[in-house]
Amino acid sequence: MKDRKNWPNKWIFILAAVGSAAGLGNLWRFPFLAYEHGGGAFLLALIIGYLLIGIPLLTLETGLGQKTQKAAADAYGSIKKGFRYLGWSALSICFLVVTYYMAVLSWGFNYLKESFSLGWGSDTSAFFFDKVLNISKDFSTIGGIENPLLIGFIFGWIAVYFAAWKGVESISKVVVWTATIPFLILFALILRSVTLPGASIGLSAFFIPEWQAMADLQLWLAALSQVFFSLSLAFGIMIAYGSYQPKNSGVVKNVLRITFGNFLVSLMSGIVVFGTLGYMSLEQGSAFKEVVAGGPSLAFVAFPKAINLLPSFSVPVAVLFFVTLLTLAIDSAFSLLEAFSSAIKDRLPTVSTEKIVLALSSIGALVGLLFITEGGIRFLDTLDHFVVNYGLVIIALIESLLVGWTKKGEELKEFIKSKSEVWLGRWWGISIKYLTPLFLITLLVTNAYKEFQAPYEGYPVWGLLTFGVLPLILVPLVSLKLDSLGNS
Ligand code: PHE
């Protein structure tokens, strides 16, 4: 059989993995979580989370890909027969994520265009919700699609398609740019941010730990789930990327490099966002708490507002910020596609990668249209909530039990150990066998409890069921079908 294609060298692999890991989760999810959960206390919890769970699991995933030279479906299948199905489920979730991730990309393109003239004006909230999204009046009104969003969306899908169309070959070329540019720009943005008056208000909120917050279970759950989401774990992505590493390469050192690169992007984003928002609170004479919002509104409402107020360099800062957002998001988006197409290619080796990626992109774009409609942001928010809090958690739980408690899992450990110059020692076993499952079960139970206390974001229950629960029910069903691919 023909040898599997490899990354040109280990640095390209690391860039691709950092590119996937560093995304919107670093730019807007992390700073907000840090702010909500005691600033530096969260940062510390996050670092502990990386050490306890993130690094062992990332080692597992890249090592599994490398050992089997297969993407998620066949890789899991090699541990235990029947578990190929788990891989397909992870990949179906990838597919759901990429459909809505692309909507955010299309907002980003529109904001980049506006950046040159600061076209959002003074009421940045009205601009985002009423002008860009033209948000519908309630959950049950889907509404039409705004042309600029559609154009951004198509543009985004074309870009993502051509990044992924030749698998690692095309990705290798793209990540040299998309995974390095954010570092350079964030560095420039940091210089602007920390030299603003009032920056220290934001930075102290970000860095100084509120020690009592560390006793809060919620802080730990938030930090650990951020570790999962941020390292793109449990989606099958790192298995696919690892599978293109030569079988004999080291594992652990690369994992450490990837984790560090990803952490650095979070840290840099936090400094930029918090320094700037600190300035904004000083300028407006408002309490720091009032200027901060999480999620999309941080990037598309609060940050543009802060940019308006800058004493100088506002246009370059605006342009650079949205270029960062786009470059961070795009390599996360195509990694999702790549993980899926690699697994299909493993099963259907005679079909060209171009065709597989084209089929996935076309279906993904069609489904994704839903998220750029006037009601789209609520559907997006709902699906994201269920995917991150349940889909991902359940997959990760099965994954850690599967590897932690089987003989093949033990062999995987030996394999990684034999290849790596540094080894995690007994830590790996303890983490995969006990800590990770324990944390995931706690997370699952707490999340479910919260779900029943009040509907997420006050959305109607039918809406949550349709756009959140139903897709997750479809995942195992679709996976059943996928599992028969290439079985003759
Ligand atoms: N790691 C990405 C982020 O932090 C999110 C992501 C998860 C992207 C899984 C791809 C796959 O934004």
**Message:** What's the magnitude of the charge dipole for the range 138-272 around its Cα centre, counting Lys and Arg as +1 and Asp and Glu as -1 at the beta-carbon? Answer in Debye, nearest 20.
**Reply:** 660 debye
**Item:** From phi via Karplus (6.51, -1.76, 1.60), per-residue ³J(HN,Hα) for the range 429-435 in Hz, x at Gly/Pro
**Value:** x, 4, 5, 5, 6, 10, 4
**Fill in**
One checks the Cα atoms of the range 144-244 and finds Rg and Dmax, in Å, of 19.7, 51
**Fill in**
In terms of the charge dipole of the range 103-252, which places +1 on Lys and Arg and -1 on Asp and Glu at the beta carbon, the residue among Val251, Ser136, Leu191 farthest towards the positive end is Val251
**Prompt:** For Ser78, what charge total do you get from the other residues with a beta carbon under 12 Å from its beta carbon, if Lys and Arg give +1 and Asp and Glu give -1?
**Reply:** +3
**Item:** Convex hull (Cα only) mean projected area of the range 379-448, reported in nm² to one decimal
**Value:** 5.7 nm²
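How would you rank 385-392, 135-142, 323-330, highest first, on the average number of other Cβ atoms within 10 Å across their residues? Intermediate values should be presented prior to the final figure.
Details: 385-392: 20.9, 135-142: 13.9, 323-330: 23.6.
Top to bottom by mean Cβ count within 10 Å: 323-330, 385-392, 135-142.
Note down the net charge around Leu233, summing +1 for each Lys or Arg and -1 for each Asp or Glu among other residues with Cβ under 12 Å from its Cβ.
On the way: positive: none; negative: Glu61, Glu399.
Neighbourhood net charge equals -2.
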**Prompt:** Quick one: Cα convex hull volume of the range 1-155, Å³ per residue?
**Reply:** 216 Å³
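Can you give the relative contact order of the range 222-369 as a percent, counting alpha carbon pairs under 8 Å and 6+ residues apart? Don't jump to the answer; show the numbers that get you there.
Details: 59 pairs, mean separation 34.8, N = 148.
Relative contact order for the range 222-369 comes out at 24 percent.
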**Request:** Express in whole angstrom the spacing between the alpha-carbon centres of the range 141-161 and the range 296-333.
**Result:** 20 Å
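For the range 31-95, with only Lys/Arg (+1) and Asp/Glu (-1) charged at the beta-carbon, what is the dipole magnitude about the Cα centre, in debye rounded to 20?
400 debye
What does the charge add up to near Ile372, with Lys and Arg as +1, Asp and Glu as -1, over the other residues with Cβ less than 13 Å from its Cβ?
Details: positive: Arg378; negative: Glu146, Glu374.
Cβ neighbours under 13 Å give a net charge of -1.
Starting from the Cα gyration tensor of the range 340-488, multiply each eigenvalue by 5, take the square root, and state the resulting semi-axes largest first in whole Å. Mind dumping the intermediate values first?
Working: eigenvalues 206, 139, 33 Å².
Gyration-tensor ellipsoid for the range 340-488: 32, 26, 13 Å.
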**Message:** For Lys166, give me every one of the lysines with a C-alpha distance below 24 angstrom, ignoring sequence neighbours fewer than eight places off in its own chain.
**Reply:** Lys2, Lys5, Lys10, Lys67, Lys70, Lys247, Lys345, Lys355
**Å³ per residue enclosed by the Cα convex hull of the range 276-432** = 225 Å³
**Item:** Which of Lys407, Lys113 has the fewest Cβ neighbours within 10 Å, and the rest in rising order
**Value:** Lys407, Lys113
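In the chain, which helices (entire DSSP H runs) extend 30 Å or more along their own long axis, judged by Cα positions, while averaging at least -0.5 on the Kyte-Doolittle scale?
Counting only whole DSSP H runs, the qualifying helices are 84-115, 252-284, 314-347.
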**Message:** Using the basic label-point model (7 angstrom from Cα toward the beta carbon), what is the Trp11 to Val422 distance in nanometres?
**Reply:** 1.9 nm
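By counting other Cβ atoms within 10 Å of each Cβ, how are Lys5, Lys481 ranked from fewest to most? Each step should come with its number before you reach the end.
Working: Lys5 14, Lys481 10.
So the residues, fewest neighbours to most, are Lys481, Lys5.
Please state, to two decimals, what the Cα-based radius of gyration of the chain comes to when divided by 2.2 N^0.38 Å (N = residues).
Working: Rg = 21.5 Å, N = 488, 2.2 N^0.38 = 23.1 Å.
Dividing the Cα radius of gyration by 2.2 N^0.38 Å gives 0.93.
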**Asked** Given charges of +1 on the Cβ of Lys and Arg and -1 on the Cβ of Asp and Glu, with all other atoms neutral, how large is the dipole of the chain about its Cα centre, in debye to the nearest 20?
**Response** 1720 debye
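Per residue of the chain, what 222 nm ellipticity follows from adding -39500 (n - 2.57) for every DSSP H run with n ≥ 4, rounded to the nearest 500? Write down the numbers at each step before the final one.
On the way: 24 runs with 327 residues, N = 488.
Dividing the helical sum by the residues of the chain leaves -21500 deg cm²/dmol.
Quick note: the coordinates plus some simple rules give every number you see, no bench work behind them. Just so we're clear, the structure is a prediction, and the values are computed from it rather than from any experiment. Here the Cβ is made from the backbone with ideal geometry for all residues, glycine too, and neighbour counts use every protein chain on show.
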